[in-house]
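Scroll down for the structure; my scribbles are underneath it.
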Amino acid sequence: MTMPSGLSRPYDDGSSANLADILERVLDKGVVIAGDIRINLLDIELLTIKLRLVVASVDRAKEMGIDWWEQDPALSSSARHTELGRENEQLRRRIAELESSPEQTWQT
């Protein structure tokens, strides 16, 4: 639809479809934004901040080798169970070591 001046309307009926198409393409292909911030004083580097932002679908991220959320116990229940199992095994070994230690005399 055009306005009287001949310019197209800024928000026409197809804008949501266009936005959905753009979002689908971005998630399908993936977008990486990278930047570094360095603060120097008299040629001495005081601070370096490296920023990396990846916008992609989960499937696309896995194809790129990015799957950190699967290993993070705060984000993955399977990682949480793995971490708890590992901690449980360490505690069991420690208890077994303490119980079999000749220096310790356990009273019942």
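The values are calculated or read from the model by the stated rules, or taken from the named source; none is laboratory data. Note that this is a predicted model, so its numbers are computed, not measured. Here the Cβ is made from the backbone with ideal geometry for all residues, glycine too, and neighbour counts use every protein chain on show.
Which residue pairs have Cβ atoms closer than 6 Å, lie 6 or more positions apart in sequence or on different chains, and pair a first residue in the stretch 57-70 that is free of Cβ contacts under 8 Å to residues at least 60 places away in the same chain with a second residue that is surrounded by 12 or more Cβ atoms within 10 Å (Cβ to Cβ) and part of a loop (DSSP other than H, G, I, E, B)?
ARG60/GLY30; GLU70/SER76
Restricting to the stretch 33-77, what's the tally of residues that are exposed (fewer than 11 other Cβ atoms within 10 Å of the Cβ), under 25 Å from ASP21 (Cα atoms) and among the basic types (Lys, Arg)?
1
Mind checking whether some residue in the stretch 26-46 is modelled with pLDDT under 85, charged (D, E, K, R) and part of a strand (DSSP E or B)?
Taking every residue of the stretch 26-46 in turn, none turns out to be modelled with pLDDT under 85, charged (D, E, K, R) and part of a strand (DSSP E or B).
Give the residues of the stretch 47-81 that are closer than 14 Å to GLY30 by Cα, part of a strand (DSSP E or B) and not aliphatic (A, V, I, L, M), sorted by residue number.
ARG52
Does the stretch 82-98 contain any residue that is touching an Asp or Glu at 6+ places or on another chain (Cβ under 7 Å), without any contact (Cβ under 8 Å) to a residue 60 or more places away in the chain and assigned to a helix (DSSP H, G or I)?
no
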